[in-house]
Amino acid sequence: MTREPRDTARPPSELELGRRAFRRRQTARSVAIAVVSTIAFAVVAWFTILSTPGWERVQESFFSIDAAVKAWPRVIDGLWLNIRVLFFAVIGVAIVSLLLATVRTLRGPVFFPLRALAAGYTDLFRGMPLIIVLYLVGFGIPGLRLEGLGRMPAEFWGTIALILTYSAYVSEVLRAGIESVHPSQRLAARSLGLGYAKTLRLVVLPQAARKVTPALMNDFVAMQKDVGLISVLGAVDAVRAAQIETAAAFNFTPYVLAGLLFVLLALPMIRLTDWYTARMRVREQMGSIV
Amino acid sequence: MSARETVLQLRDIHKSFGDTPVLRGIDLTVTSHQVVALIGASGSGKSTLLRTINLLEPIDDGQILLRGEDISDPRVKADAVRARIGVVFQAFNLFPHLTVLDNVTLASRHVFRRARAEAEARGMELLEQIGLADKATEYPDRLSGGQQQRTAIARALATDPELLLLDEVTSALDPELVGEVLDAVRQLGESGTTIVMATHEMAFARDVADHVVFLDRGVIEEEGPPAKLFWTPSSPRTREFLARFLA
Ligand SMILES: Nc1ncnc2c1ncn2[C@@H]1O[C@H](COP(=O)(O)OP(=O)(O)OP(=O)(O)O)[C@@H](O)[C@H]1O
Ligand SMILES: [Mg+2]
């Protein structure tokens, strides 16, 4: 970030030029110190690890290039399944959580049963560990032998379980966003003649969405790695594939490979979240330098 | 000017908050092209009265007639009534996520379902009129208080309301910004908009209003043309109030 004024009409004074030169020197110094200390730290860490007695064995069973190459096709296939599950789960969560959040903000005694139901739902699924939801949905519902649903694959039930759990979290985030929009905004919208639904859609939700975007992005990142849990139902995703490869080769490298792939998958979103949060902060603190 | 017809008629309006009576039998008639100023001490019920007219606050008793139609009837669609009345609040309440022009055109487009081009043409015309055409694409947080309040006035006017309610539109502004907003209101009054406004700006009420209503503890203590009310008030309470303000 540069704070140097861009007033081209007038050349800066001697004093200001001196200050700018000083700032440049300061910046160069800080960068140099950062580079040197990073290199020093990396070298020390590297030699410390290499000199541990077990390093050879660990390297062989966790970081074996051969094992990684062998496991690659299966793990990458599995990851593709994770991505597809993620895709449908995100759509499902968006719909269900928006519905839940809207229902929870409805006023009036008529809606009491709906509100109570939605509140009960969020309490239940926010409290219950995802893995238990996965077991109950993945093994419980097929056990009912419902017509037409009996033959659905494990990843289908995994997606449903993810939607059930994450909708509870996301709806709470959305609700907090909706309630953070000042009542005077609703008042102004209603006084223009906009009805309840239009006020929500045109005035409240757009403002709420802005406020909760960083939190939603975080939930998305969390979900990106939780899709790996569908492997407990037997779906052959990246985690399950790595497990199969590990068992076959007596080598843990496939797990490391799958883990790294998940990190790569999440990285763009993590960066984007950081960037967006920083941008919001800049906007909110416009005009102040502290 | 066309013949004067009754735009708004209040008949014996009562309103309490809990056990506190705030409006205690208000009767008032507003005719077309009239500018009515509501004055009175803080807490006398001016804002409450404006909110009941716009159906943002239900009344306990009485009748509100808008062009002869009883809008206090619960069967009347409140949204449709509100669309016919423009309101400007003390705190502007512009929508921060919309540009100035989008703020102004929101109701025309989404309540009156006018085409975007048509709504924006009318919106630009209004912004031109209040001197904000060059700010049309800015967001409200980039405007000064006076500019925000003038935007709010344009927003209230965008659907050509039959009645404009202004609630102390200058009291949140720095003194040097008050003038530009009052000028905008003055201009509206001269162009024939029917206005009911609550105000603490006595000099302004005296200059611009055709009819001044002094509200005192929930009743109309005195009303009349500004010259009469400000120079020869008949009620001692009015005299007392004015003395405090004009001192
Ligand atoms: N929502 C509410 N709940 C309870 N009491 C209220 C509410 N709104 C207003 N009041 C009370 O009603 C009375 C009249 O309020 P109102 O806002 O109409 O006064 P006002 O004449 O507009 O005053 P000011 O000049 O300060 O704006 C006040 O005593 C206030 O405390
Ligand atoms: Mg008030």
Inset, instruction - Out of the residues in region B:37-89 that are within 12 Å of another protein chain (Cβ to nearest Cβ) and of a type in the set (K, R), state the one that is nearest to B:E240 (Cα to Cα). - result: B:R51
Legend entry - Any chance A:A32 is touching a Lys or Arg at 6+ places or on another chain (Cβ under 6 Å) and open to solvent by less than 100 Å² (accessible area, probe 1.4 Å): no
Legend entry - Condition check for B:S108: closer than 21 Å to B:S171 by Cα, of a type in the set (S, T, N, Q) and away from ligand 1 (no atom under 16 Å from the Cβ): no
Inset, instruction - Pairs only if they're at least six apart or on different chains, beta carbon under 8 angstrom, first in region A:257-274 and among the aromatic types (F, W, Y), second surrounded by fewer than 17 Cβ atoms within 10 Å (Cβ to Cβ); list them, first residue then second. - result: A:F262/A:K225
Legend entry - Output for region A:243-274, where each listed residue is acidic (D, E) and open to solvent by less than 40 Å² (accessible area, probe 1.4 Å): A:E245
Inset, instruction - Within region B:193-218, count every residue that is farther than 16 Å from B:A37 by Cβ and surrounded by 17 or more Cβ atoms within 10 Å (Cβ to Cβ). - result: 1
Legend entry - Condition check for B:D102: more than 16 Å from ligand 2 (Cβ to nearest atom) and within 14 Å of another protein chain (Cβ to nearest Cβ): yes
Inset, instruction - Please indicate, with yes or no, whether at least one residue in region B:46-61 is within 16 Å of ligand 1 (Cβ to nearest atom), open to solvent by less than 40 Å² (accessible area, probe 1.4 Å) and in a strand (DSSP E or B). - result: no
Inset, instruction - Check B:Q149 against each of (1) within 16 Å of ligand 2 (Cβ to nearest atom); (2) within 12 Å of chain A (Cβ to nearest Cβ); (3) part of a helix (DSSP H, G or I) and name the one condition it does not meet. - result: (2)
Legend entry - helices (runs of 4 or more DSSP H) within region A:10-111 that include 2 or more residues within 30 Å of A:A154 (Cβ to Cβ): A:55-62, A:65-105
Inset, instruction - Please state which one of A:L257, A:L216, A:L200 is within 14 Å of chain B (Cβ to nearest Cβ) and either at pLDDT 90 or above or on the phi > 0 side of the Ramachandran plot (or both). - result: A:L200
Inset, instruction - Name the single residue, out of those in region B:153-168 being within 16 Å of ligand 1 (Cβ to nearest atom) and open to solvent by 10 Å² or more (accessible area, probe 1.4 Å), that is farthest from the other protein chains (Cβ to nearest Cβ). - result: B:E168
Inset, instruction - Might you check whether a residue that is assigned to a loop (DSSP other than H, G, I, E, B), within 14 Å of ligand 2 (Cβ to nearest atom) and under 30 Å from B:G146 (Cβ atoms) occurs anywhere in region B:31-41? - result: yes
Inset, instruction - Counting only residues that are within 28 Å of the chain's Cα centre (by Cα), give me the helices (runs of 4 or more DSSP H) lying completely in region A:117-230 with at least 3 of them. - result: A:130-135, A:154-180, A:205-226
Inset, instruction - Return the residue satisfying two criteria in turn: it lies in region B:62-75 and is free of Cβ contacts under 8 Å to residues at least 24 places away in the same chain and not in a loop (DSSP other than H, G, I, E, B), and of such residues it is nearest to ligand 1 (Cβ to nearest atom). - result: B:D70
Legend entry - Residues that are within 12 Å of ligand 1 (Cβ to nearest atom) and at negative phi, drawn from region B:31-45: B:L38, B:I39, B:A41, B:S42, B:S44
Legend entry - Members of region B:80-118 found to be closer than 17 Å to B:A152 by Cβ, among the small types (G, A, S) and part of a helix (DSSP H, G or I), listed by number: B:A83, B:A107, B:S108
Legend entry - When residues of region B:183-192 are limited to those that are assigned to a helix (DSSP H, G or I) and open to solvent by 20 Å² or more (accessible area, probe 1.4 Å), the one farthest from ligand 2 (Cβ to nearest atom): B:E190
Legend entry - Search result, residues across region B:17-30 that are touching a residue at least 60 places away in the same chain (Cβ under 8 Å), more than 11 Å from ligand 1 (Cβ to nearest atom) and surrounded by fewer than 18 Cβ atoms within 10 Å (Cβ to Cβ): B:R24, B:G25, B:D27
Inset, instruction - Identify, from the list A:E172, A:E147, the residue that is modelled with pLDDT of 90 or more and either of a type outside the set (K, R) or buried (at least 20 other Cβ atoms within 10 Å of the Cβ) (or both). - result: A:E172
Legend entry - Subset of region B:112-126 [crowded, with 19+ Cβ neighbours inside 10 Å and closer than 25 Å to A:V181 by Cβ]: B:A119, B:G123
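The values are calculated or read from the model by the stated rules, or taken from the named source; none is laboratory data. Owing to the predicted nature of the structure, the values given are computational and were not obtained by experimental measurement. Methodologically, a virtual Cβ is constructed for each residue, glycine included, from the backbone with ideal geometry; neighbour enumeration extends over all protein chains shown. Areas reflect the complete protein model, heavy atoms only, side chains present, ligands, DNA and RNA absent. Shrake-Rupley method; radii C 1.70, N 1.55, O 1.52, S 1.80 Å.
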